[in-house]
Structures are given as structure tokens and as C-alpha cells.
Amino acid sequence: MNLILQGSADPSTIQALAAPARPVRIEAIPPHAWRCVGVDDSAEVRRQVEAASLDAGVDATFIEAGIRLADFRLLAMDMDSTVITIECIDEIADMQGLKPQVAAITEAAMRGEIDFAASLTRRVALLEGLDAGALQKVYDERLRLSPGAEALIGAARAAGVKTLLVSGGFTFFTDRVRQRLGMDYSHANVLEIANGRLTGKVVGGIVDAEEKKRTVERTCAELGVPASRAIVVGDGANDLKMMSIAGLSVAYRAKPVVRAQAHVALNFSGLDGILPLLAQ
């Protein structure tokens, strides 16, 4: 096993954090990651290293040595608060003066406290009557890519890994983000628009946790590979089902319930923090 440490820490801090795992050696991975080779990964050592690293603002990942990005065939990613820094529906609601109400429902759904499909229906209903131009305004003025998104997608493309954006958000945004990043596939909800205004409804079925999982499975089937050859990245409870079937699941700046169940948790790194975990 290897231990990968990532963060803005000096070498002496990295050595102290790695010490309980008794690495054979520590190798620098520029610009701000270290590979600790041949570590003890017992439960107690993991607990010590992960707790100390969290306090130090460093991401600590125990991972099998030799796993390569090219070993996978699909990189599937959630969009809101994962590939991008915002929750689009919260920002759309802000155009209606309803951001606090909608954001509270979003947060509860991401923590897994309320059903996602029901929460989306409630939130979208609050948008009834909003000029559809607000969607473009949110995209132009508020949507930002998460740190490292372009580097991760570029590395996946170079390794021959297909990329999927699968979201409980809306096609207006996923279509644009997919094109902007050069991703291969996307799947999301369709907002109903009539006479230039949102109707407060979604067209067709809702992309909930189960549909996200099915989308990953369908895409893997199209590629002729099992889901174990997919990397899945998410942050909320509605990502857990698709993460559960992945060969490598990554909780990105995620809710505690997601961090607890993922193979990897990145709390401080950008999305390109996935790359030092995998041999090139």
C-alpha cells in the first residue's frame, strides 16, 4: 500500500503525518503531493494519519500501489459542487429572491435527510414564472469550474478514459459544461419552459440516485466494461449509489455521509488531486 499526502505543508509536516504508517520511503510528487511507499495501513494507523492530516489541512489517501488512470475506462462525475463550484438551482432561485428557502432544501437533500426526487420537485416548483433568461445569467455570471477540473479531464482524455457528467441538476448547464470541458457524455434533468418562462416542472423522469447509478451502468455497458472499471466522483448523498458500484469512488469536498463511504476523500485538494493517487 501507498499513502498519498496532498496539501500546502512543508516536508517536515509531511514526515510527521506519515510517521505512524512507517513508510519505506517518501517521494515528492510536484507541486504539492507526496507518495509514502510501503506503508502500514492497519485500521488504527489509518485513523491516526487521517485525523492528524485533517487537522493539518492535508488530504491523506491510503491506496493500493500501482493502480493507473489507464486501468479505468470511465470517469463519471457529479456536476453541482463537484465539477462546478455552485448549486445551480440555488443560484436560479436567487433570481426569484428565494435562495435561502431553496438552498436549505438542497443542503438537506445532499446530507441525505430528505428524498432527492421529492426535494427537487419542491425546489423546481418555487421557480414557476421565472424568465428563462435567468439560466443564461447564472451560467455567465456565477458558474465556475472547480479547481483542477480541466486538468483531470485532460489527463483522462490522454489516458483513453471516457468522461461522463451525470447530474441531478439541469441539461441547460450540463450541456454547456460538457462542451466546455470536452467531456463525452452527460445526463441530467430537463426544465420545462413555456412562453419563455419556467413552469415549475421537470420534463420526464427525475435523475435521482438510482438513475445516476443506472447511467453509470449503461455507459459502462456501452463501453463493454464492468462498473469496476469506472471512477465515480461526487459530493452528496444522491451520489452514493453510483459511487457504490465504482472501482474507485471519490468524495470531493463532500458531506460526511459521503466521505465515510467513499474509497477516497479529497477535502482540500482540487479535482486534479485524483491524479497523484494513480500511477502514470
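Neighbours of Ala155 by Cβ distance under 12 Å: Lys/Arg scored +1, Asp/Glu scored -1, total 0. Taken along the Cα-to-beta-carbon direction at a fixed 7 Å, the label points for Ala118 and Val203 span 2.8 nm.
Kindly state, as a whole number, the per residue volume in cubic angstrom of the convex hull around the alpha carbon atoms of the chain. List each step's numbers first, then the result.
Details: hull volume 34.6 nm³, N = 280.
Expressed per residue, the convex hull around the Cα atoms of the chain is 123 Å³.
DSSP assigns beta bridges within the chain; of those with both partners inside it, close to 50 percent run antiparallel.
Around Ser146, under 12 Å between beta carbons, what's the net of Lys plus Arg minus Asp minus Glu among the other residues?
Summing Lys/Arg as +1 and Asp/Glu as -1 gives -3.
Straightening the chain between Ala108 and Arg25 buys 25.6 nm, computed as 0.36 nm per residue apart minus the Cα-Cα spacing. Our summary of shape: the Cα atoms of region 1-65 have principal axis extents of 27, 23, 17 Å, ordered from largest down, in whole angstrom.
Let me check I've understood the local charge: for Gly129, count other residues with C-beta under 13 angstrom from its C-beta, Lys and Arg +1, Asp and Glu -1. What total comes out? After counting each charged neighbour, the total is -1. In this structure, Ala16 and Ala65 have a Cβ-Cβ separation that, at R0 = 30 Å, corresponds to a calculated FRET efficiency of about 0.85. Sorted ascending by nearby beta carbons within 10 Å, beginning with the fewest, Ser244, Ser12 become Ser12, Ser244.
For region 105-156, run through the GluC sites (Glu not before Pro) and keep only the ones in DSSP coil with at most 13 other Cβ atoms within 10 Å of their Cβ.
Working: sites: Glu107, Glu113, Glu128, Glu141, Glu150; in loops: Glu113, Glu128.
Listed in order of number, the matching sites are Glu113, Glu128.
Fully extending the segment from Ser244 to Arg180 would add 20.2 nm, taking 0.36 nm per residue of separation and subtracting the current Cα-Cα distance. Partner lysines whose Cα lies under 22 Å from the Cα of Lys201, excluding those fewer than 8 positions away in the same chain, are identified as Lys99, Lys137, Lys212. Between Asn195 and Glu222, the C-beta separation translates, for a Förster distance of 30 Å, into a calculated FRET efficiency of about 0.20.
Between the alpha-carbon centres of region 152-223 and region 63-87 there is a gap of 15 Å.
FYI, it's all coordinate maths here, none of it is from the lab. Remember, predicted model here, so these are calculated numbers, not experimental data. Every residue, glycine as well, gets a Cβ built from its backbone with ideal geometry; the counts of neighbours run over all protein chains shown.
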